[in-house]
Amino acid sequence: MFKYILFDFDGTLIDTNELIILALHETSLKFLDKTLSSDELNSILGKHLEQQMKCLSELHYKEMILFYKDFYSKNKDTMIKEFPSINQMLKSIKELGCKTAIVSAKGRGGIEHGLKLFGMEDYFDIIISAYDIENNKPHPEPAIKALSALNGSADAALLIGDSPYDILCGKNAGVKTALVDWTIFPKDNLMSLKPDYYIKTPDELVKIVKGSKV
């Protein structure tokens with residue numbers, strides 16, 4: 001049984017995908033006068049906001065960050081959604097006695113807002129946000145810092161995510177990894193990274209944590 005469960009946030013626990021993509025398109029339109037292609041989107045999704053904007057424009061990235069944050073903030077309450085059955089999955093995992101963490105390239109304020117909006121704030125022992133670390137995923141630091149805060153060990157931990165950065169972060173930290181089926185990233189590319197588990201439903205994660213066969 002896994003004892004320490006590390007979750008990505010955007011696209012894993014909370015469906016922010018539509019808003020993030022729209023905010024990226026609107027930012028690109030305003031500053032670069034173009035919408036982003038699928039390849040351009042896939043190359044930056046999952047990265048920290050500053051990295052995303054630097055990839056789009058080294059010249060305007062600071063202004064682009066401010067515009068993106070403002071657009072996201074104005075639309076977050078109407079556009080972000082809860083993935084089905086996530087709340088019940090989190091409740092079941094806590095009832096098993098597991099310690100839980102969020103490891104995200106998002107800022108703490110956005111994470112806490114989403115958790116509160118969907119009543120998930122009591123399910124997590126710690127949050128490791130983009131501003132709590134020096135190196136973002138795929139570097140192992142977010143997972144290692146989360147395990148240190150939980151007094152946990154890598155051999156009893158599982159990291160769940162929707163992006164290549166999540167899977168690589170877990171592998172680089174020596175942690176087992178699980179890819180969620182509801183990812184918006186190209187699945188063939190993700191599966192080539194060989195995550196330890198592929199989860200089609202939140203209930204499957206509970207079975208994996210218990211040590212049951214899926």
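The values are calculated or read from the model by the stated rules, or taken from the named source; none is laboratory data. Small disclaimer: the values here were computed from a predicted structure and weren't measured. Cβ: placed from backbone, ideal geometry, glycine included. Neighbour counts: every protein chain shown.
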Seminar exercise, completed: The residue that is farthest from C169 (Cα to Cα), considering only those in the range 1-19 that are part of a loop (DSSP other than H, G, I, E, B) and touching an Asp or Glu at 6+ places or on another chain (Cβ under 8 Å), is T16
Exercise. Is it the case that some residue within the range 20-30 is touching a strand residue (DSSP E or B) at 6+ places or on another chain (Cβ under 8 Å) and either in a helix (DSSP H, G or I) or closer than 30 Å to T100 by Cβ (or both)?
Worked result: yes
Seminar exercise, completed: Per the filter on the range 82-124, residues surrounded by 19 or more Cβ atoms within 10 Å (Cβ to Cβ), of a type in the set (D, E, K, R) and modelled with pLDDT under 95 are K106
For this session: Would you list the helices (runs of 4 or more DSSP H) that sit entirely within the range 54-121 and hold 2 or more residues that are over 20 Å from the mean Cα position of the chain (by Cα) and more than 25 Å from F2 (Cα to Cα)?
Result: 61-79
Exercise. Taking into account only those residues within the range 36-53 that are in a helix (DSSP H, G or I) and among the hydroxyl-bearing types (S, T, Y), which is surrounded by the fewest Cβ atoms within 10 Å (Cβ to Cβ)?
Worked result: S38
Problem set entry | Residue count, the range 162-180 (criterion: in a loop (DSSP other than H, G, I, E, B) and over 12 Å from the mean Cα position of the chain (by Cα)) | 3
Exercise. Does any residue of the range 134-141 turn out to be of a type outside the set (S, T, Y), at pLDDT 95 or above and not in a loop (DSSP other than H, G, I, E, B)?
Worked result: yes
Problem set entry | the range 188-211, residues that are farther than 16 Å from S92 by Cβ and either of a type in the set (A, V, I, L, M, F, W, C) or within 16 Å of the chain's Cα centre (by Cα) (or both) | L190, M191, L193, P195, Y198
For this session: Tell me, yes or no, whether the range 146-157 has at least one residue that is under 15 Å from F9 (Cβ atoms) and touching a strand residue (DSSP E or B) at 6+ places or on another chain (Cβ under 8 Å).
Result: yes
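Might you let me know whether the range 24-37 holds any residue that is under 25 Å from I128 (Cβ atoms), modelled with pLDDT under 95 and in contact with a Phe, Trp or Tyr (Cβ under 9 Å, 6 or more places away or on another chain)? Steps first, answer last, please.
Of all residues in the range 24-37, those under 25 Å from I128 (Cβ atoms) come to 24.
If we keep only those that are modelled with pLDDT under 95 too, we end up with none.
Checking the range 24-37: not a single residue is under 25 Å from I128 (Cβ atoms), modelled with pLDDT under 95 and in contact with a Phe, Trp or Tyr (Cβ under 9 Å, 6 or more places away or on another chain).
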For this session: Go through the range 122-131 and give me each residue that's assigned to a loop (DSSP other than H, G, I, E, B) and either assigned by TED's automatic domain parsing to the domain that holds L45 or out of contact with any Leu (no Cβ under 9 Å at 6 or more places or on another chain) (or both).
Result: S129
Exercise. Do we find that N136 is buried (at least 17 other Cβ atoms within 10 Å of the Cβ) and farther than 28 Å from P84 by Cβ in this structure?
Worked result: yes
Problem set entry | Output for the range 181-214, where each listed residue is in contact with a strand residue (DSSP E or B) (Cβ under 9 Å, 6 or more places away or on another chain), loosely packed, with under 15 Cβ neighbours inside 10 Å and part of a helix (DSSP H, G or I) | K187, M191
Exercise. Which condition number in (1) aromatic (F, W, Y); (2) in contact with a Lys or Arg (Cβ under 8 Å, 6 or more places away or on another chain); (3) crowded, with 18+ Cβ neighbours inside 10 Å is the one that F67 fails?
Worked result: (3)
